[in-house]
1. Across every pair of different alpha-carbon atoms, what Kirkwood hydrodynamic radius in Å does chain B reach?
2. With contacts defined as alpha carbon pairs under 8 Å and 6 or more residues apart, what's the relative contact order of chain A in percent?
3. For region B:36-47, in order, what is each residue's ³J(HN,Hα) by Karplus, 6.51 cos²θ - 1.76 cosθ + 1.60 with θ = phi - 60°, in whole Hz (x at glycine and Pro)?
4. Eigenvalues of the Cα gyration tensor times 5, then square-rooted: what semi-axes does that give for the protein assembly as shown, in whole angstrom, largest first?
5. Label points 7 Å out from Cα along the Cβ direction at A:Ser41 and B:Lys71: separation in nm?
6. Quick one: 3J(HN,Hα) in Hz for region A:80-87, Karplus 6.51/-1.76/1.60 with θ = phi - 60°, rounded, Gly and Pro as x.
7. Sequence-distant or interchain residues sharing an amide H contact under 5 Å with A:Cys23, placed H: which?
8. Go ahead and run the numbers for FRET between A:Phe12 and A:Lys73, Cβ-Cβ distance against an R0 of 30 Å, rounding to 0.05.
Amino acid sequence: AQKITQTQPGMFVQEKEAVTLDCTYDTSDPSYGLFWYKQPSSGEMIFLIYQGSYDQQNATEGRYSLNFQKARKSANLVISASQLGDSAMYFCAMREGRSYIPTFGRGTSLIVHP
Amino acid sequence: EAGVAQSPRYKIIEKRQSVAFWCNPISGHATLYWYQQILGQGPKLLIQFQNNGVVDDSQLPKDRFSAERLKGVDSTLKIQPAKLEDSAVYLCASSPSPLSSYNEQFFGPGTRLTVL
């Protein structure tokens, strides 16, 4: 079974608008964490934001925020005020137990229109 | 600070040929990872090194893939012989030590392999 599901293969957003990228996960381990990475066309995976399963508040990093709904097992990424440079692949990933090595989803392609 | 370096950036080979990829981690990083990213999928961990020792190679197809990190610094990933399904981007990553937090792993730009 897929541990990380990203149902949106592609998303389009107008510059300066907000966009939400969906991610659902599956785990039975009470200790886990959710990551979001950005992969531009240059290829490297860039860490954006992290949410631990015991964290009380939703994580935020600048224009990125993570909408963590534990009961629904979802960890959606919200990008506010989209910029042209946000166009890239976005990957949701999860770690479980004591390991911090991420297991990745299939990714969502985001295109920001001027 | 220099990032993770990988070469070559692109490689095209015929099936059944051999190929090798090189990775130089961030200076001082003891832990090195190789990932395989097939088109349309997220990266999958192939092997993890701690210094020059293998920590986890459970997902490495050992009949054709091999990796080494002889001096505990740079690393080479080899495929021999290559199959069509090996076409992918091979990402190298490093961290100062085995991951104990969420923001310690840094990725290189990857090597895109096409097997014809």
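1. Values: mean 1/r = 0.0710 Å⁻¹.
This gives a value of 14.1 Å.
2. Working: 282 pairs, mean separation 42.3, N = 114.
Computed value for chain A: 37 percent relative contact order.
3. 10, 10, 6, 3, x, 10, x, x, 10, 5, 9, 7
4. Values: eigenvalues 178, 85, 54 Å².
Output for the protein assembly as shown: semi-axes of 30, 21, 16 Å.
5. 3.7
6. 8, 6, 3, 10, 4, x, 7, 4
7. Close amide H contacts, sequence-distant or interchain: A:Ala75, A:Asn76, A:Leu77.
8. Values: r = 26 Å, r/R0 = 0.88.
The value I calculate is 0.70.
Quick note: the coordinates plus some simple rules give every number you see, no bench work behind them. The structure presented is a predicted model; accordingly, all values stated were derived computationally and were not measured. Methodologically, a virtual Cβ is constructed for each residue, glycine included, from the backbone with ideal geometry; neighbour enumeration extends over all protein chains shown.
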